[in-house]
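Engineer: Handing you this structure, nothing more for now.
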Amino acid sequence: MATTTPTHPEGSESHTQPSVTFLPDRLPFPPLRKRHILNCSFSSWYPQYRSFIPKTRIVPLTSAFIEYLREDGIFLPRDENASAAWSDDEDDNSDDAGDYSAASDTEDAEAEALSRNKDPSLRFPELHAQIASTIADLGGKVFPKLNWSSPKDATWISATNTLECRTPSDIYLLLKSSDFITHDLEHPFDDCVDDTDDVDSTNPPSTISATAGPTSTTSTTSTTSTTSATSTTGPTSTASTSGTTTRSDIQYDLVLRKWFDVNPSVEFRCFVRDKKVIGITQRDLNHYEFLKKMKEELIGLITAFHTVKLRDTFPDPNFAFDVYIPRTQSKVWLIDINPWAQRTDPILFSWLELLTMNADAIITPELRLVKRDDPEAYSFNTPSIQLTSFQRRSLMLAWAVHSQFKNLHNGGGIL
């Protein structure tokens, strides 16, 4: 990336002008292969790293449940706490009971379809019971996600405006309302090439326009638990990592993590290129003054964690991972692993920076924090205003232009 700034002969009148940044036409991502996406699926890496993952259970999903998630409209199971209102006795005594007593076969089928829509759990009763039991085993409150994404973009529909779920219906409502979950189901291999394809790494088909906004589906907010990781091992994906892998090969899982009120100030996203941590970013876009004093400690904890736990065990050389470091523990908890792709939000970095920085020259990675006067500190990422990194940077640019005009108005120059 090159920058040019006009210069003036000595003694001549000078008018400072803003620097001009030249962006490449396309971001230089290496080929994104389907195995890279599958390697980041939760059940693929959970068994190996479970000792430093918050308490979690994995529930394999059935084809009937996946079909339910893909259907238009939101039908939820009958309220578990209001079973008496849906009892057979009430149905038998209702005014409509006689309407179905002499119905034709066609009418019976229509009535059955209507009933199944009213209570979709009738289509997957064992799975529904297993989800309810798992919630109870995890203390009655959980954080849900699928293989890659959490339904973070759907918290607006939740009564608590969070991802906290206490019943299967809470989970189904979030999953069916989330575009991130739809992406997991319908577009997991977008911009990917098959693992057997011979792709020119200098011009891979997975490269994406540098001026296009990202279609970020990897959640930038995670909920963790400080409880002991005593989870049961979940199944790994049945998708083949050789040959042509299709969406139908994926074993989808519901990941349920024990809920607690997370401290968002100590969640971080870490970027690894060629098996080396090259950048760390705060995940919550609010300013926390105490983090500045902890920078060296946090960098040391994260780099040591990567070196000891991930560097030689995770199969891909390039990826991003999310961690949670409680202030009272100084222990690193692994929350998620994300693909090295534009769908992963770089948050306070840009993908152009991460792709072009000289990794060999990095001795200590930079930890980027939201500063007190940064536009990020205006909390554009609150639950009621969910923005992608591209949208946030657009707002930051507007804020920067406003600041420049304000400075000019006050007699200054362009900064």
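Engineer: Quick one: is K292 more than 23 Å from R50 (Cβ to Cβ), outside any strand (DSSP E or B) and charged (D, E, K, R)?
Structural biologist: Criteria met by K292.
For (1) more than 29 Å from L352 (Cβ to Cβ); (2) in a helix (DSSP H, G or I), each residue gets a yes or a no:
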| site | (1), (2) |
| --- | --- |
| S248 | yes, yes |
| L256 | yes, no |
| S265 | no, yes |
| V277 | no, no |
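Engineer: Within the set of pairs 6+ apart or on separate chains, which have a first residue in segment 295-320 that is touching a residue at least 40 places away in the same chain (Cβ under 8 Å) and in a loop (DSSP other than H, G, I, E, B), a second that is of a type in the set (D, E, K, R) and surrounded by fewer than 17 Cβ atoms within 10 Å (Cβ to Cβ), and C-beta atoms under 8 Å apart?
Structural biologist: Listed by first residue and then by second, the contacts come to P317/D274; P317/K275; N318/D274.
Engineer: Out of the residues in segment 321-351 that are among the hydroxyl-bearing types (S, T, Y) and touching a strand residue (DSSP E or B) at 6+ places or on another chain (Cβ under 6 Å), state the one that is farthest from K152 (Cα to Cα).
Structural biologist: Y324
Engineer: Another one. When residues of segment 55-91 are filtered for being part of a loop (DSSP other than H, G, I, E, B), open to solvent by less than 50 Å² (accessible area, probe 1.4 Å) and at pLDDT below 95, how many remain?
Structural biologist: Narrowing segment 55-91 to residues part of a loop (DSSP other than H, G, I, E, B): 55, 61-62, 71-79, 87.
With the extra rule that they be open to solvent by less than 50 Å² (accessible area, probe 1.4 Å), the set shrinks to 55, 61, 73, 77, 87.
Narrowing the set further to residues that are at pLDDT below 95 leaves 73, 77, 87.
Number of matching residues: 3.
Engineer: If D360 satisfies every condition in (1) under 22 Å from E289 (Cβ atoms); (2) surrounded by fewer than 22 Cβ atoms within 10 Å (Cβ to Cβ) but one, which is the exception?
Structural biologist: (1)
Engineer: Can you spot a residue in segment 321-328 that is open to solvent by 30 Å² or more (accessible area, probe 1.4 Å) and either closer than 30 Å to V193 by Cβ or out of contact with any Cys (no Cβ under 9 Å at 6 or more places or on another chain) (or both)?
Structural biologist: yes
Engineer: Tell me yes or no: at least one residue of segment 108-131 is among the acidic types (D, E), at pLDDT below 95, more than 18 Å from A64 (Cβ to Cβ) and exposed (fewer than 13 other Cβ atoms within 10 Å of the Cβ).
Structural biologist: The answer is yes, given that some residue of segment 108-131 is among the acidic types (D, E), at pLDDT below 95, more than 18 Å from A64 (Cβ to Cβ) and exposed (fewer than 13 other Cβ atoms within 10 Å of the Cβ).
The values are calculated or read from the model by the stated rules, or taken from the named source; none is laboratory data. Because the structure is predicted, anything quoted here is derived from the model rather than measured. Virtual Cβ from ideal backbone geometry, glycine too; neighbours counted across all protein chains shown. Accessible surface areas use protein heavy atoms only, side chains included; no ligands, DNA or RNA. Shrake-Rupley method; radii C 1.70, N 1.55, O 1.52, S 1.80 Å.
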